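Readers should treat all values here as calculations from the given coordinates under stated rules, not as data from a laboratory. Treat the numbers as computed from the prediction; the structure is a model and nothing was measured. We place every Cβ from the backbone using ideal geometry, glycine too, and count neighbours over all the protein chains shown.
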């Protein structure tokens with residue numbers, strides 16, 4: 001925890017002293033930010049849930065009673081200072097929120113009128129008032145050059161102050177400094193494959209305690225652990241979709257198992273180091289479920305339950321080890337943006353409970 005506080009302190013100093021470097025997009029209070037400090041369980045309260053509400057083009061923080069206590073994103077499908085398009089990932093870093101603005105591909109979101117899709121291509125740090133205080137990538141620009149991304153689906157804050165970004169459209173995972181320098185990369189930029197140092201639509205990455213990187217290599221139907229020297233030291237999934245189909249997310253648990261979102265098979269699986277399935281939960285067997293909800297995230301909580309983003313069932317659910325749902329946000333198979341409604345939520349995390357994510361002590 002001390003490491004995290006030092007990193008955040010250095011960020012505060014850097015943010016206040018480098019105004020010409022930052023991409024500060026507007027100085028007024030964002031119309032999309034809702035601090036709601038009058039609530040008992042308002043902004044950044046432990047136990048609240050941070051949700052990447054993908055096709056509503058917003059990140060929301062909700063309390064256990066389903067009230068939205070904070071929001072970033074005004075719903076626009078045009079990337080800008082107060083908007084995020086097709087958000088796939090969000091995590092709280094102290095009182096800042098790290099957001100991956102992925103964009104929506106052609107035909108994915110009916111609210112996107114452009115037949116070519118609605119791009120965003122930014123990873124952003126947003127403060128409580130809704131101001132973007134740092135970003136990597138340029139709004140609406142798709143590329144692989146300096147400070148450019150292509151469909152970034154996930155971002156994680158590292159203890160050293162860098163960011164690990166899964167740059168899906170560029171077939172790579174990159175570590176980026178706050179000064180926009182790439183200091184490490186796995187995957188050949190723009191080249192999809194399954195060979196040495198190759199990925200095919202990677203969907204998540206996390207830095208492990210041993211220094212290695214765990215990657216959900218979605219279209220290769222596998223999860224891999226690689227060293228900083230690009231050697232593969234562990235793999236689950238052979239390419240056979242009956243084993244793993246569209247690996248959307250993976251995290252290493254404290255017991256050494258790996259929790260995987262097997263989106264194409266509509267299930268969450270926990271596998272041992274030897275590759276045995278030791279726990280699973282199938283999301284499309286629930287009453288009222290869509291045939292293929294494609295769950296995209298599963299996070300193991302400290303209480304032993306699992307928080308699942310059941311994407312096209314438009315729900316976030318908390319499930320016990322025995323498979324009982326004890327909390328949910330959203331109505332199953334009903335999309336919307338009203339009270340207790342979501343539209344294709346891609347990611348959810350409990351504030352103050354990051355078990356299974358990087359860094360493990362946060």
task: State, as an integer percentage, the relative contact order of the chain based on alpha-carbon contacts under 8 Å between residues 6 or more apart.
output: 12 percent
message: Neighbour counts of other C-beta atoms within 10 Å: give me 228, 92 arranged from fewest to most.
response: 228, 92
query: Per 20 Å bin, what percent of the C-alpha pairs of the chain does each bin hold, from zero upward?
result: 33, 62, 5
query: How many times 2.2 N^0.38 Å is the alpha carbon radius of gyration of region 89-154?
result: 1.17
- prompt: Picking from 242, 261, 289, which is most flexible by a Gaussian network model of the chain using Cα springs under 10 Å?
  reply: 242
field: Sites residue 272 and residue 229, calculated FRET efficiency, Cβ-Cβ separation with R0 22 Å, nearest 0.05
entry: 0.30
query: Which residue fluctuates the most in the chain, going by a Gaussian network model with Cα springs under 10 Å, if the choices are 291, 127, 217?
result: 291
Inter-centroid distance (Cα atoms) of region 187-202 relative to region 207-269, Å: 15 Å
message: Helix-only mean residue ellipticity at 222 nm, the chain, DSSP H runs n ≥ 4 weighted -39,500 (n - 2.57), per residue, nearest 500. What is it?
response: -1500 deg cm²/dmol
query: log10 I(q)/I(0), Debye, Cα-only region 211-250, no solvent, q = 0.28, 0.32 Å⁻¹?
result: -0.86, -1.00
query: Which distance in Å, rounded to a whole number, links the C-alpha centroids of region 48-97 and region 311-352?
result: 14 Å
- request: Calculate the spin-label point distance for residue 179 paired with residue 128, positioning each point 7 Å from the Cα along the beta-carbon direction, and give it in nanometres.
  value: 3.1 nm
query: Taking the alpha-carbon set of region 107-221, what are its Rg and Dmax in Å?
result: 14.5, 45
task: Send over the semi-axes of region 214-362's equivalent ellipsoid, whole angstrom and largest first, taken as the square roots of 5 times the C-alpha gyration tensor eigenvalues.
output: 25, 17, 14
